[in-house]
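Below is one structure, written out as structure tokens; comments come after it.
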Amino acid sequence: MRLTHAAVLAAAALVAALAGPGAGRARAAGVPAAAPVASPPAADDAAVDPDLADCPAEPAPLTAEEAAAGLREAADSGFLWKATRDGRAVYLYGTIHIAQRAWMFPGPHVLAALRASDTVVLELDPTDPDIVARLQRAIARRPGSPSLPADVERRLRAQILAACMEPSALEGLRPEMRAVTVEVMAARRMGLQPAYGIDTFVAQLGRQLKKPLRSLETPEAQAALLFSDDPRETTRSVLEILDELESGAGPRILGRLADAWRHGDLDDISAYGDWCDCLKTDRQRAEFARLVDARNPTMADRIVEMHAQGGAQFVAVGSLHMVGAIGLPALLRERGFDVRRVEYDQR
């Protein structure tokens, strides 16, 4: 298995979950913050790369006043559908796992849907200490596993430093997770922070609103899609991500996806395979199908099960799970729901 950019997008959810909600948001919701994935570089590392003087600022804590103002002033972003069956609604909200600070606040339509729901459903609940602990175990380096080849390790360390991280902060992770984390964190230079992930803020807000939170998947299942115990496959995966980082292609793809999400451009998200330059081969297309499309029917079945238990659900998952003939809106339509996209007034 090699990690295509689809795997980076899938792993962004794990990085965002471990990056935590940020100290300010955690305090506002009364939930302890998760341990961050990475910390700023130490002084010795900063001396290695002069570009580190241009490091992005760390996420600032969010005060209660800032949160209230953000919610008052927020515009709707992303993609929202209302699916109805048997008189009960399921709201499907397409998210991104890394975002700018101002984007994390739901606008009026999204907030109304969240308030109207009885349960908040996510890929993984990043506010659940058990989920976070299991995720940390799932991505931890296996005892006795071989190291990366020296030349690959040097390239990876250079990218870790360029992304303004302390190399030692990632040493306990599987090599693929180290590389994925670097690609996600490199997007901070565009203002995109995993600490501001939309799913994480939705989870925090759901807890503030006293709504039960549920997960569609497990940390173990998500990790199993991303990692290999074959050292050759691991090395190939890391090399592919390094090629994306060194060319700048990886962060550019994340940036375009984020821009499409911010403007609610469903056509551009749907055409991801046409412009990402990452689905050119049979192997890449098969990997995308395995990491994105193949998860959707199971998610849809879980949503149907929850719907049958009563109440309304607000389901927030990555936007690529929402598009096309095998996206969640289409799959719920096949399962007997009346599915309609919620159009935002400001558009």
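The values are calculated or read from the model by the stated rules, or taken from the named source; none is laboratory data. Owing to the predicted nature of the structure, the values given are computational and were not obtained by experimental measurement. Cβ placement follows ideal geometry from the backbone for every residue including glycine, while neighbour counts extend to all protein chains displayed. Areas reflect the complete protein model, heavy atoms only, side chains present, ligands, DNA and RNA absent. Shrake-Rupley method; radii C 1.70, N 1.55, O 1.52, S 1.80 Å.
Explain nothing, just the number: dipole magnitude of the chain about its Cα centre with +1 on each Lys and Arg Cβ and -1 on each Asp and Glu Cβ, in debye rounded to the nearest 20. All intermediate terms of the calculation are to be shown ahead of the outcome.
Working: 40 positive and 47 negative charges, 182 e Å.
For the chain, the charge dipole is close to 880 debye.
Under the Karplus relation 6.51 cos²θ - 1.76 cosθ + 1.60, θ = phi - 60°, what is the ordered set of whole-Hz ³J(HN,Hα) values for segment 158-163, x standing for Gly and Pro?
4, 6, 4, 5, 5, 8
Restricting to Cα pairs below 8 Å that are 6+ residues apart, what does the relative contact order work out to for segment 161-289? Please round to a whole percent.
25
Per-residue ellipticity at 222 nm for the chain, helices alone: DSSP H runs ≥ 4 residues times -39500 (n - 2.57), over residue total, nearest 500 deg cm²/dmol?
Per the formula, -14000 deg cm²/dmol.
What FRET efficiency do you get for Ser168 and Arg189 if R0 is 25 Å and r is their Cβ-Cβ distance, rounded to the nearest 0.05?
It comes to 0.70.
Tell me whether the chain comes out rounded, prolate or oblate; compute the Cα gyration tensor, take square roots of the eigenvalues as a ≥ b ≥ c, and use a/c under 1.5 as the rounded threshold.
Verdict is prolate for the chain.
Can you list residues whose amide H is under 5 Å from Arg214's amide H, if they're 5+ apart or on another chain and H is modeled 1.01 Å from N?
Val120, Val121, Leu122
Count the DSSP beta bridges whose two residues both fall in the chain, then state the antiparallel fraction as a percent rounded to the nearest 5. Present the calculation step by step, with values, prior to reporting the outcome.
On the way: 13 of 26 bridges.
If we restrict to bridges inside the chain, about 50 percent are antiparallel.
Which percent of the accessible area of the chain is formed by carbon and sulfur heavy atoms (probe 1.4 angstrom)?
Carbon-and-sulfur percentage of accessible area, whole number: 52.
Note the angle between two axes, namely the Cα long axis of helix 295-308 and the longest principal axis of the Cα atoms of the chain, as a number of degrees from 0 to 90, rounded to the nearest 10.
Helix 295-308 sits at roughly 40 degrees to that axis.
Taking R0 as 30 Å, what's the FRET efficiency between Asp54 and Ala249 from their Cβ-Cβ distance, rounded to 0.05?
0.90
For Arg262 and Arg214, calculate 0.36 nm times their separation in residues minus their Cα-Cα distance, and state this gained length in nm to one decimal.
14.7 nm
Expressed in nm to one decimal, what extension gain is obtained for the pair Trp275 and Ser147 from 0.36 nm per residue of sequence separation less their Cα-Cα distance?
Taking Trp275 through Ser147 to full extension adds about 42.6 nm, to one decimal.
Take every Cα pair under 8 Å in the chain that's 6+ residues apart, average their separations, divide by the length, and report that relative contact order as a whole percent.
Numbers: 569 pairs, mean separation 112.6, N = 347.
Here the relative contact order equals 32 percent.
Can you give the accessible area per residue of the chain, in Å², using a 1.4 Å probe? Could you put the intermediate results ahead of the total?
On the way: 14180 Å² over 347 residues.
Heavy-atom SASA per residue in the chain reads 41 Å².
Give the calculated FRET efficiency between Arg341 and Ala312 to the nearest 0.05, with a Förster radius of 22 Å applied to their Cβ-Cβ distance.
0.80
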